1. Among the lysines, select those whose C-alpha is under 16 Å from the C-alpha of Lys414, and discard any that sit fewer than 8 residues away in the same chain.
2. With only Lys, Arg, Asp and Glu charged, each at its Cβ (+1 for the first two, -1 for the last two), find how big the charge dipole of the chain is about the Cα centre; round to the nearest 20 debye.
3. Where a ≥ b ≥ c are the square roots of the eigenvalues of the C-alpha gyration tensor, would you call the chain rounded, which needs a/c under 1.5, or, failing that, prolate if a/b is larger than b/c, or oblate?
4. How high is the FRET efficiency from Thr33 to Ser278, r the C-beta distance, R0 51 Å, rounded to 0.05?
5. Projecting each Cα onto the charge dipole of the chain (Lys/Arg +1, Asp/Glu -1 at the beta carbon, about the Cα centre), which of Val54, Leu295, Thr122 comes out farthest on the positive side?
6. Work out the charge dipole of the chain with +1 on the Cβ of Lys and Arg and -1 on the Cβ of Asp and Glu about the Cα centre, then indicate which of Val416, Leu321, Leu141 is farthest towards its positive end.
7. Apply the a/c threshold of 1.5 to the C-alpha gyration tensor of the stretch 219-363 and tell me whether it is rounded, prolate or oblate.
8. Helix-only mean residue ellipticity at 222 nm, the chain, DSSP H runs n ≥ 4 weighted -39,500 (n - 2.57), per residue, nearest 500. What is it?
Amino acid sequence: MAKRFWLSLSLATLMAGSPVAQDAHSVLQTAATAMGVSNMKSITYSGTGWQGMVGQNVAPDQDWPRVDLTSYTRTIDFDTMSSREEYVRVQGNNPPRGGGAGFPFLTAQRVTNLVSGNYAWTLNAQGQPVPQLAEADLRRLEIFLTPYGFLKGAMAPGANPTMVTRREYGGRVSVVSFVAFGKYRVNGTINAQNLVQRVQTWVPNPVVGDLYYENVYTNYQDMGGVKVPRFHQHQDYDDGGNMPNVSGGDHAFGLETVSDIRLNVANAALTVPSEVRSATIEPVRVQSQKLGDGLWLIGGGSHNSVAVEFRDHVAVIEAPLNEERSLAVIGEVNRLIPNKPIRFVVNTHHHWDHLGGIRTFVHEGAAVITHEGNRAYYQEVLRARPWVLQPDRFSLHPPEEWSEGYIFETAREKYVLADDTRTVELYSVAGLAHAAGMLMAYFPKEKIVVQADLYNPQAAAPNASNRTFYQNLQRLKLDVTTIVGIHGNPAPMSQFVQFVSRAQ
């Protein structure tokens, strides 16, 4: 499949300047006229809708959890590739099942995402810019995924668009393609009414590789000479065509109503703040903290791991974020515990920020210990899907264990890792709305419990996950002195008891 993907790119390059390419320009120009894009330099549109928390479903076979967008406004300047996206999200009537930063939202959360050229940033609660340089590529690409941005991008000098025709949804359509920023293929489907009905691309993702990213446009209406659709976005895909369905995440964004649209607005081009322009992407940093004999917390970033030494091997609890982070953690483990292989990696749950480095540990030779409910999904994650845009070690050099299937150890209620030097007990967290199949690790000798997303000492107020965690500690009668989190610093159990006991 990866070969077919790059073959398509090669064909697109060879066809530039051919009669097919000329047909593409004609189709694009007709669509631009029909949609009111021809004289569009910038645009602002506002409305209401919903957002899916991508990679944070309650179980792998469920859709991304949703929140409501009570207001949404986006301003795009096409000449400078600037975009300002502002929205307010609330929990609304959506089930509070799943995860994501701030989810579930007990109070309204305002978000502002900005990009201008190679610079991306957000605004904090005080309105000050916070650099997010790693997001610049995707935010620029998202401009081309709007129906107006697609037409602008495909008609830009040097875009060299190509075209094929096919049947889609019962009608004949034209599919026009171009390569954005030299690496992202963008396909736009233009229907018989000369309207853009779909734009698709693929972006690199540390869990699934080349992540499918698609906007679908329907229910067009005329607003002041501009055709305005209902926006509907997919990220990844619902594996419902196969039974059982092991990958349910799909619906990522919907702008259901557009209440206002303005063209060629003043100040659409953004000025990059000086603190953003001078910012750099910080290298991955690891800091180790000894928790006990042969036991280390490996932090230094937003997510931690825990290294556990046995007589002749090592187990690591959690492989978060991405390959780069996991390689740094593996290097630190080898420094702290030399000459012992990493035989196991314990995964607490399936959310993408906690799963992104799992392939790196499997490539290193570690077996994955996870809840049995995750196995089918993790087999899909480790399958030979396309990893063309940003290949990892696993995709470039698939380990023999993958082909033989010797990868997983699964837990249901309890799983024990032990030798004559130590014992680690893994327990399933019952009744949790954050993630099904969550595991926590208990060290009887040290009276330490390691958990993810169930308690952060920096939290301002207790939530449902905190209370469920406390109930599970009581149910299992675990004698805990210290709580070690995958987020934040270790905290005494007494502090957690006081925190979770606050009045609701």
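1. Leaving aside lysines fewer than 8 places away in the same chain, those within reach of Lys414 are Lys477.
2. 660 debye
3. Prolate shape, in that a/c is at least 1.5 and a/b is the bigger ratio.
4. 0.75
5. Result: Thr122, furthest along the dipole toward the positive end.
6. Among Val416, Leu321, Leu141, the one farthest towards the positive end of the dipole of the chain is Leu141.
7. Oblate.
8. On the way: 13 runs with 116 residues, N = 504.
The helix-only estimate for the chain comes to -6500 deg cm²/dmol at 222 nm.
Read-outs: derived from the displayed coordinates by stated rules, not from any lab. What you are looking at is a predicted structure, and each value in this text was computed from that prediction instead of being measured. Positions of Cβ are generated from backbone atoms using ideal geometry, with glycine treated the same way; all protein chains shown enter the neighbour counts.
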